[in-house]
Every structure is written in C-alpha cells, then in structure tokens.
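Right, one structure below, let's go through it.
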C-alpha cells in the first residue's frame, strides 16, 4: 500500500520527535538486525533506524532493502536515519486520507 503525499507528510511530522530504535552498525544488514527491526516496527508502527553507511547511495539501498524485507513503507531518509512505517494489526496511528 503506497502512501499518499499527505500521509507521508503526516508520518514525517509524527516521527520528528522519535529517537532511533534500531542502529545498524558496521556488520550491516544481518538476519539479527532484520528480526529486531521486524519486532520493533510491529510494536511501534513508525520507527527511526540509524544506518551507518559509507555514502548516500549505499544508505538508500540499505533502507530500501529494509523496507522490502519487512513489508513496510519507507517514509523518509534524512542524514543517516531512515523512517519506516507499517500498519499494525491494531493500528494506533490513524493516517489521513
């Protein structure tokens, strides 16, 4: 389910005050990190992930892999931080139409 620009903007504003809940280190995107992201996004719906990547292209590639493997939407990449969203079974965040 792709997000509309209005929904994307809303989620960016909600994520502004959040701290990164998962930090990707030098080991990269491992199964353990993916499991942690999966559990965290399932519980919180909207999370920030700190990605320690070398350059912008690598950072974008890793963020897209995370989004694809966790069936979530990539809301934004800013600096070395990616924001992802996945609607929970019992949603807490109500998206605008």
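The rows are residues; the columns are (1) over 12 Å from the mean Cα position of the chain (by Cα); (2) at pLDDT 95 or above.
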position	(1), (2)
3	yes, no
12	no, yes
23	no, no
27	yes, no
30	yes, no
33	yes, no
46	no, yes
49	no, yes
57	yes, no
When the residues of the stretch 38-58 are narrowed to those that are crowded, with 18+ Cβ neighbours inside 10 Å and in contact (Cβ under 8 Å) with a residue 40 or more places away in the chain, which ends up nearest to residue 82 (Cα to Cα)? 46
Among 6, 19, which is the only one that is in contact with a strand residue (DSSP E or B) (Cβ under 8 Å, 6 or more places away or on another chain) and surrounded by fewer than 16 Cβ atoms within 10 Å (Cβ to Cβ)? 19
Unmet requirement for residue 71, which otherwise passes all of (1) touching a residue at least 40 places away in the same chain (Cβ under 8 Å); (2) surrounded by fewer than 17 Cβ atoms within 10 Å (Cβ to Cβ); (3) under 11 Å from the mean Cα position of the chain (by Cα): (1)
Being at pLDDT below 95, more than 14 Å from residue 3 (Cα to Cα) and crowded, with 18+ Cβ neighbours inside 10 Å: is that true of residue 62 here? yes
Of the numbered conditions (1) exposed (fewer than 13 other Cβ atoms within 10 Å of the Cβ); (2) closer than 13 Å to residue 29 by Cα; (3) in contact (Cβ under 8 Å) with a residue 24 or more places away in the chain, residue 97 satisfies every one except a single condition; which is it? (2)
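The values are calculated or read from the model by the stated rules, or taken from the named source; none is laboratory data. This is a predicted model, so every value here is computed, not measured. With ideal geometry, Cβ positions are generated from the backbone for all residues, glycine too; neighbour counts draw on all protein chains shown.
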